[in-house]
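Colleague: Please see the structure below; I have some questions.
Every read-out reported here was derived from the displayed coordinates using simple, explicitly stated rules and does not represent laboratory data. All of these numbers come straight from a predicted model, not from anything done at the bench. Please note: Cβ atoms are built from the backbone with ideal geometry, for glycine as well, and neighbour counts cover all protein chains shown.
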Amino acid sequence: MILFSVLATIGAAVVLSLLDKFYDDIIKWLKVIGQVAKKAVQGVLIGCKTFINAGRAAFRTAGKEISRNYSKVGDQWQVTEVERNVSADKIPDEIYQQAEQTTDDLLELTADIEAQLLKNYQ
């Protein structure tokens with residue numbers, strides 16, 4: 001799970017490839033979601049998991065980025081889901097290839113985004 005405290009501390013990154021740009025755009029989006037969600041949800045906003053519904057590579061249609069944001073109210077966990085549409089030309093071939101290899105409708109990108117955050121931080 002990507003911690004919102006980590007998102008808040010990471011500065012701008014040098015974009016090297018379309019895949020880097022794709023992840024950096026998601027990171028910027030997550031920062032905005034984090035600020036809005038802190039005001040909108042009850043309890044303490046902890047972090048998020050991020051997915052993309054990119055369809056199958058053969059279709060190359062627009063996808064949806066999905067952020068599942070987790071907050072805690074007392075002992076109770078709360079999940080708030082936020083989505084945005086992404087045009088097909090913004091989704092790198094690597095993402096389509098990963099989506100092609102999964103049997104799920106959603107491709108989880110959380111670990112990839114965490115790696116991008118670490119890369120940007122160093």
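Colleague: In nm, to one decimal, how far is the modelled label at residue 21 from the one at residue 78, with both set 7 Å along Cα→Cβ?
Modeller: Reported label-point gap for residue 21 and residue 78 is 3.8 nm.
Colleague: What full-extension length gain, to one decimal in nm, is calculated for residue 1 and residue 39 as 0.36 nm per residue of separation minus the Cα-Cα distance? Walk me through the intermediate numbers first.
Modeller: Values: separation 38, 0.36 × 38 = 13.68 nm, distance 2.03 nm.
Gain in length upon complete extension: 11.7 nm.
Colleague: Would you work out if segment 50-118 is rounded, prolate or oblate? Take a ≥ b ≥ c from the square roots of the eigenvalues of the alpha-carbon gyration tensor; rounded if a/c is under 1.5, else prolate when a/b is larger than b/c, oblate otherwise. Walk me through the numbers on the way to the answer.
Modeller: Details: a/c = 2.32, a/b = 1.95, b/c = 1.19.
Judged from the Cα gyration tensor, segment 50-118 comes out prolate (a/c at least 1.5, a/b above b/c).
Colleague: Within the set 39/90; 39/119; 28/49; 72/119, which residue pairs have Cα atoms separated by over 26 Å? Can you show the working numbers first?
Modeller: Values: 39/90 30 Å; 39/119 29 Å; 28/49 14 Å; 72/119 29 Å.
Over 26 Å Cα-Cα: 39/90; 39/119; 72/119.
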